[in-house]
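The values are calculated or read from the model by the stated rules, or taken from the named source; none is laboratory data. The model shown is predicted, which means the values in this text are computed figures rather than measured ones. Note that we place each Cβ from the backbone using ideal geometry, even for glycine, and neighbour counts take in every protein chain shown. Ligands, DNA and RNA are excluded from the accessible area calculation, which covers all protein heavy atoms including side chains. Shrake-Rupley method; radii C 1.70, N 1.55, O 1.52, S 1.80 Å.
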Amino acid sequence: MSKQDILVTIGDAVITEADVDAFIANLPKEQQMYASNPQFRKQCEEQIISIHLYAKLGEELKLQETEQFQSIMANARRDILAQLAMAETLKDVTVTEDEVSSYYNENGNQFSKGETVNAKHILVAEEEKCSEILESIVSGKTEFEAAAKEFSTCPSGAQGGDLGEFGRGQMVPEFEQAAFEAEIGHVVGPVKTQFGYHLIKVEKRTEAQVLPFDQVKDKIKMNLLQQKQNQVYLEKAEELRGKYVK
């Protein structure tokens, strides 16, 4: 260890840059993104130092001799042993490519994706206003997206009315029927729903499909692994219950 790596020495403890790296690695992922920020690293360093300083205070107060300390240590020892034993029990559990492939072939219905459309809409309260906007769009006086930003009462208006991709069952029936029957690029409406009157512009339609194996194989493998690990965990727990429970 070079002297340049050492940040501070507290008693017998030496705090290094590597300790800061390890501290950051154990933080939530949304905080780890700041690892290269000097100010953030300094805050982490100060936290590590504070922990060591308070640990030294605990030694001076002889808190390690209290019943509370002994109880906490006993529980920590038990939990660590349990975690290591679980890891040892599950270390050889694997899922083969053949198992993943077989599951995909035997459960194709789980990987089907229904028909979807990508659409934009304009929502207003009155049918007459909706018809006026439609006439303006059809005549070329205004673009659909500009009209959505100006007139639509739906929050999607700020994005030119864009609703993104949706499938059947996600919209109210009247809206869904009009959207899935519309020609791509054509503006349809007014369409009345419980929310008001809509103009709808479908930009893309994706037919129903079965998701390809390469797209879902990692998820299948993870699910199968979790199932296997859970089975091994339960079987081992039952074995240990018979061995240790009196």
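Would you check if there is a residue in the range 97-110 being out of contact with any Leu (no Cβ under 7 Å at 6 or more places or on another chain), more than 30 Å from residue 206 (Cα to Cα) and either open to solvent by less than 70 Å² (accessible area, probe 1.4 Å) or outside any helix (DSSP H, G or I) (or both)? No, the range 97-110 has no match at all. Selection within the range 219-246: residues that are open to solvent by 100 Å² or more (accessible area, probe 1.4 Å) and of a type in the set (D, E, K, R). The member of this set that is farthest from residue 99 (Cα to Cα) is 246. Name every residue in the range 193-232 that is over 30 Å from residue 153 (Cα atoms) and in contact with a helix residue (DSSP H, G or I) (Cβ under 7 Å, 6 or more places away or on another chain), in order of residue number. Within the range 193-232, 210, 211, 213, 216, 217, 220, 221, 224, 229, 232 qualify. Does the range 116-132 include one or more residues that are in a helix (DSSP H, G or I), at pLDDT 95 or above, surrounded by 10 or more Cβ atoms within 10 Å (Cβ to Cβ) and not charged (D, E, K, R)? Within the range 116-132, one or more residues are in a helix (DSSP H, G or I), at pLDDT 95 or above, surrounded by 10 or more Cβ atoms within 10 Å (Cβ to Cβ) and not charged (D, E, K, R). Look at the range 177-202: where a residue is free of Cβ contacts under 8 Å to residues at least 60 places away in the same chain and a partner is surrounded by 14 or more Cβ atoms within 10 Å (Cβ to Cβ) and small (Gly, Ala, Ser), sitting 6+ places away or on another chain with Cβ atoms under 6 Å, you get 188/178; 188/182; 191/178. Taken together, the residues in the range 155-205 that are out of contact with any Cys (no Cβ under 7 Å at 6 or more places or on another chain), open to solvent by 30 Å² or more (accessible area, probe 1.4 Å) and not aliphatic (A, V, I, L, M) amount to 22.
Taking each residue of the range 18-47 that is over 17 Å from residue 5 (Cβ atoms) and looking for partners that are assigned to a loop (DSSP other than H, G, I, E, B) and not small (Gly, Ala, Ser) with beta-carbon atoms closer than 6 Å, six or more apart or interchain, yields 40/34. A search for C-beta distances below 7 Å between a residue of the range 220-246 that is among the β-branched types (Val, Ile, Thr) and modelled with pLDDT of 95 or more and any residue that is in a helix (DSSP H, G or I) and open to solvent by less than 70 Å² (accessible area, probe 1.4 Å), counting only pairs 6+ apart in sequence or on different chains, returns 220/100; 220/103; 220/104; 232/89; 232/90. Put simply, of 221, 201 the only residue that is in contact with a Gly (Cβ under 8 Å, 6 or more places away or on another chain) and basic (Lys, Arg) is 201.
Does at least one position in the range 19-41 carry a residue that is in a helix (DSSP H, G or I), hydroxyl-bearing (Ser, Thr, Tyr) and open to solvent by 100 Å² or more (accessible area, probe 1.4 Å)? No: the range 19-41 contains no residue that is in a helix (DSSP H, G or I), hydroxyl-bearing (Ser, Thr, Tyr) and open to solvent by 100 Å² or more (accessible area, probe 1.4 Å). Within the range 75-91, not a single residue is in contact (Cβ under 8 Å) with a residue 40 or more places away in the chain, outside any helix (DSSP H, G or I) and within 30 Å of residue 239 (Cβ to Cβ). Selection of helices (runs of 4 or more DSSP H) fully inside the range 142-246 by the criterion of at least 3 residues being of a type in the set (Lys, Arg), under 27 Å from the mean Cα position of the chain (by Cα) and more than 17 Å from residue 116 (Cβ to Cβ) returns 213-244. Quick check on my filter: what residues within the range 42-63 are more than 30 Å from the chain's Cα centre (by Cα) and either open to solvent by less than 70 Å² (accessible area, probe 1.4 Å) or aliphatic (A, V, I, L, M) (or both)? If the condition is that a residue be more than 30 Å from the chain's Cα centre (by Cα) and either open to solvent by less than 70 Å² (accessible area, probe 1.4 Å) or aliphatic (A, V, I, L, M) (or both), then 49, 50, 51, 52, 53, 55, 57, 58, 61, 63 are the ones that fit. Any residue at all in the range 65-81 that's among the aromatic types (Phe, Trp, Tyr) and open to solvent by 70 Å² or more (accessible area, probe 1.4 Å)? Among the residues of the range 65-81, at least one is among the aromatic types (Phe, Trp, Tyr) and open to solvent by 70 Å² or more (accessible area, probe 1.4 Å), which makes the answer yes.
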